[in-house]
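To start, the structure under review is shown below, and the notes come after it.
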Amino acid sequence: MQIRKQFRFEAAHVLPHHPGKCSRLHGHSYRFEVTVAGRLQTEGPATGMVVDFDEISSVVEPAIVERLDHSSLNDFMANPTAEAIAFWIWDELAKQLSGLTEVVVWETPTACAVVRAEDARAR
């Protein structure tokens, strides 16, 4: 079974290789989803859950949101495309979040990048 939790942050970036207006400083209201898969727990406070949503938040908020919110993404990666941001988030969360299967980064309401476990392994 999979569960998903959404998060948001505001950030600026420059795409140095972009031939158009995205090569200039601009910002987005990013939304991203974290997907965790696992079996339903049968004991303890998370009985009937894959993982408590609060547990996901306790990892994601400090590792991602608090670091990226109101920042320049170029301080974290050289070419912060939606794809690069999705891989960066994956790399930060995979160290701490058991069962991570997917990260989706929405740069605009209609455009997103998706990283799945097989994508991360294939890099």
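Laboratory data are not the source of any read-out in this text; all were calculated from the coordinates shown. Keep in mind the model is a prediction, meaning the values are calculated, not measured. Reconstructed Cβ throughout: ideal geometry from the backbone, glycine too, with neighbour counts over all protein chains shown.
In a Gaussian network model over the chain where Cα atoms closer than 10 Å are linked, find which of Leu97, Leu40, Leu73 has the largest mean-square fluctuation.
Leu40
For region 111-123, what does the Karplus curve 6.51 cos²θ - 1.76 cosθ + 1.60, with θ = phi - 60°, yield as ³J(HN,Hα) per residue in whole Hz, taken in order and with x for Gly and Pro?
Going residue by residue, I get 9, 9, 10, 10, 10, 10, 3, 5, 5, 5, 5, 7, 5 Hz, with x marking Gly and Pro.
Are there any GluC sites (Glu not before Pro) in region 41-74 that are in a DSSP loop and have at most 15 other Cβ atoms within 10 Å? List them by number.
Here the sparse-neighbourhood loop sites are Glu43.
In the neighborhood of Val105, defined by Cβ-to-Cβ distances under 12 Å, what is the net charge if each Lys or Arg adds +1 and each Asp or Glu adds -1?
Value of the local net charge: -2.
Determine ³J(HN,Hα), in whole Hz, for all residues of region 55-66 in sequence, where each value follows from phi through the Karplus function 6.51 cos²θ - 1.76 cosθ + 1.60 and θ = phi - 60°; x replaces Gly and Pro.
5, 4, 4, 5, 8, 6, 4, x, 6, 10, 4, 5
Could you tell me what percent of the DSSP beta bridges with both partners in the chain are antiparallel, to the nearest 5? If you can, show how the numbers build up before the last one.
Numbers: 24 of 26 bridges.
If we restrict to bridges inside the chain, about 90 percent are antiparallel.
What list of ³J(HN,Hα) couplings, whole Hz, do you get for region 38-50 from phi and the Karplus terms 6.51, -1.76, 1.60, once you set θ to phi - 60° and write x for glycine and proline?
Once rounded to whole Hz, the list reads x, 8, 5, 6, 10, 9, x, x, 9, 3, x, 10, 6.
Among Pro19, Pro109, Pro62, which one shows the highest mean-square fluctuation when the chain is modelled as a Gaussian network with alpha-carbon springs under 10 Å?
Comparing Pro19, Pro109, Pro62 in the GNM, the peak value goes to Pro19.
Suppose a student asked you for the relative contact order of the chain, using Cα pairs under 8 Å spaced at least 6 residues apart; what percent would you report?
Taking the mean separation of contacting Cα pairs over the length of the chain, I get 29 percent.
What is the antiparallel percent of DSSP beta bridges lying wholly in region 1-73, to the nearest 5? Intermediate results must be reported in sequence, preceding the final value.
Details: 12 of 14 bridges.
The antiparallel fraction comes to roughly 85 percent.
Can you list the trypsin sites (Lys or Arg not before Pro) in region 9-79 that are in a DSSP coil and have 14 or fewer other beta carbons within 10 angstrom?
Arg24, Arg39
Suppose every Lys and Arg Cβ carries +1 and every Asp and Glu Cβ carries -1, with no other charges. What dipole size does the chain come out with about its Cα centre, to the nearest 20 debye?
Numbers: 12 positive and 17 negative charges, 79 e Å.
About 380 debye.
Around Ser71, which amide H atoms from residues at least 5 apart in sequence, or from another chain, sit under 5 Å from its own amide H, with H modelled in the peptide plane?
Amide H neighbours of Ser71: Ala12.
Using amide H atoms built 1.01 Å from N in the peptide plane, name the residues 5+ places from Gly99, or on other chains, whose amide H lies under 5 Å from its own.
none
Just report the Cα centroid separation between region 73-122 and region 1-15, whole Å.
What the calculation gives is 9 Å, centre to centre.
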